[in-house]
Amino acid sequence: MIKEAIEKIVNKQDLTYDEAKTVMLEIMRGETSMTQNGAFLAALSTKSAKAETIDEISGCAEAMRSLATPVPHPGMEVLEIVGTGGDGAHSFNISTTSAMVIASAGVKVAKHGNRAASSLCGTADCLEALGVNIAQDPEKAQQMLNDAGFCFLFAQKYHSAMKYVGPVRKELGFRTVFNILGPITNPARPEMFLLGVYDEYLVEPLVKVLDSLGVKRAMVVYGQEKLDEISACGPTTICELRNGYYRTGVIRPEDFGLASGTKDELVGGTPEENAEITKGILGGTITGTKRNAVLLNAGAALFVAGKAESIGDGVKLADELIRSGKAMKTLNRVVECSNS
């Protein structure tokens, strides 16, 4: 099937959902050559000035999810907060820090991530620097969700089939469909998402992709200063998914009583430096734009998870969770549980 798919894409034709899924299954089962994999990824990413189609992304994502090591969580709805990366902002680990705030409100957070790709510090790097044991198998992940409200699913461990495309992705060196697939193929199959994207044109298509993957409630966001999260520095384009309905809009920090800062104020550093930023925000010693970024992203996720009636109420709740010390206690609990 991959030869026919490459020929179709080279002729600027879109793949159907089933075609995309079939080809991705062939790739992830090792049934194709590295040359074919490279040709397919390159052709798919250059077929259009925009991203791959909704059917192409959904089909590839479902193939990847079907081959991932599953993480069951009976009786629990879980949330993922994640960015696609690729925004070049080199910000500190906003979603990881926000995840601790969200979990402290009683939301179960299953974070799926990897080591740094284009930045200095990925989710796995930051969590390790915080003292979290990132080697969590499905049984441990379920225990973490029960006992700490947070688990980390290390992409390398749960998507072993990625070994068939890892080398060719590195050699290609440009964006491929996998930049989008990573964040949406969480093996826990979360029912709720806050997803940040690296380009505005992805906002609405990815809401539709999440809907097709069975996600119940989601918000896809793009910070207009080229940030893959809700921006504490200016406007953010958002699209909300709730029970099959979509709603788009633009939000600003000032809408929630927060002052806009600058992108430079969000810059992080090494894993150790980013871990200190996370602890500083959760511990109340770091304020300003970095803290505001966490309030906005955690607040939106709390709204998605049904813990707040609006993003504004979510921002207020996030502020209370940090001020009360609950968010810091959650981080300490996550570290403790992961190492026991």
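Here, each number is a calculation from the coordinates, and none is a lab measurement. Model, not experiment: these values are computed from the prediction. All Cβ positions, even for glycine, are placed from backbone atoms using ideal geometry, and neighbour counts span all protein chains on display.
Summing +1 for each Lys or Arg and -1 for each Asp or Glu among the other residues whose beta-carbon sits under 15 angstrom from that of Tyr246 gives +2.
Among 220-231, 40-51, sorting by the average number of other beta carbon atoms lying within 10 angstrom of each residue, highest first, gives 220-231, 40-51. Pairs with C-alpha atoms separated by more than 23 Å, drawn from the list Lys108/Lys279; Lys47/Lys163; Lys140/Lys216; Lys108/Lys157, are Lys47/Lys163; Lys140/Lys216. Between helix 289-304 and the chain there is an angle of about 70 degrees, using the helix long axis and the longest principal axis of the Cα atoms.
Show that you can apply the helix-only estimate: for the chain, add -39,500 (n - 2.57) for every DSSP H stretch of four or more residues, divide by all residues, and state [θ] at 222 nm to the nearest 500.
Working: 15 runs with 159 residues, N = 340.
Value at 222 nm, helices only, nearest 500: -14000 deg cm²/dmol.
Among the GluC sites (Glu not before Pro) within the stretch 102-201, not one is in coil by DSSP while having at most 11 neighbouring Cβ atoms inside 10 Å. Compared with the dominant Cα axis of the chain, that is its longest principal axis, helix 138-148 is turned about 20°.
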